[in-house]
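Inspection log for the structure reproduced underneath, given as structure tokens.
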Amino acid sequence: MAEPQEEKFSGQLLSEARKKRRLRYKRLSTELNIPEKYLQALEEEDYGVMPGGDPYIKGYLRAYAKKLGIDPDFIVERYSENLINKKVTPSIKPARGKDIFVISKKYILVVALFLLFSLFIYLSPSCSEEVLVETLG
């Protein structure tokens, strides 16, 4: 007995529509400009791998649904209902590149080491001059 469309989650609907049309992830990825792993994540409803959080997920869902001939608003609505029922929010991954906080910590460490080294160099010659004056004097 087939489930009515209302009872299925957005990922199930996308997966069934893709399989029914006999489309492969590789082709869809190229046409939609969405990485294959994100298309798979949408079907598996594994939103943790998706970058950018909720706005990006909804955009990907809309594009994917439209390509498969499914009403994009319906898919996004199913996605939102699923999140509300699970009371889970998609995690937002940081953008690629270095975290500014880590860079600032490294910068502070380098500056502190430079200042300590400079202080050591500054004090070293003055100590040796005092020693020479006392020995010669």
Quiz item: Inside segment 30-55, can you point out the residues that are of a type in the set (Ser, Thr, Tyr) and over 15 Å from Arg78 (Cα atoms)?
Solution: Thr30, Tyr38
Quiz item: Quick one: which helices (runs of 4 or more DSSP H) sit completely within segment 41-137 and have at least 1 residues that are among the polar types (S, T, N, Q) and at pLDDT 75 or above?
Solution: 72-86, 100-136
Quiz item: Restricting attention to segment 7-25, does a residue exist that is loosely packed, with under 15 Cβ neighbours inside 10 Å, among the small types (Gly, Ala, Ser), out of contact with any Cys (no Cβ under 6 Å at 6 or more places or on another chain) and touching a residue at least 12 places away in the same chain (Cβ under 8 Å)?
Solution: no
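One line per residue, one yes/no per condition, for (1) crowded, with 19+ Cβ neighbours inside 10 Å; (2) in contact with a Gly (Cβ under 7 Å, 6 or more places away or on another chain); (3) not charged (D, E, K, R):
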{"residue": "Leu39", "(1), (2), (3)": "yes, no, yes"}
{"residue": "Glu43", "(1), (2), (3)": "yes, yes, no"}
{"residue": "Val49", "(1), (2), (3)": "no, no, yes"}
{"residue": "Ile57", "(1), (2), (3)": "yes, no, yes"}
{"residue": "Tyr60", "(1), (2), (3)": "yes, no, yes"}
{"residue": "Leu68", "(1), (2), (3)": "yes, no, yes"}
{"residue": "Ile75", "(1), (2), (3)": "yes, no, yes"}
{"residue": "Ser80", "(1), (2), (3)": "no, no, yes"}
{"residue": "Ile84", "(1), (2), (3)": "no, no, yes"}
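The values are calculated or read from the model by the stated rules, or taken from the named source; none is laboratory data. The model shown is predicted, which means the values in this text are computed figures rather than measured ones. Counting neighbours? That spans all protein chains shown, and the Cβs are built from the backbone with ideal geometry, glycine included.
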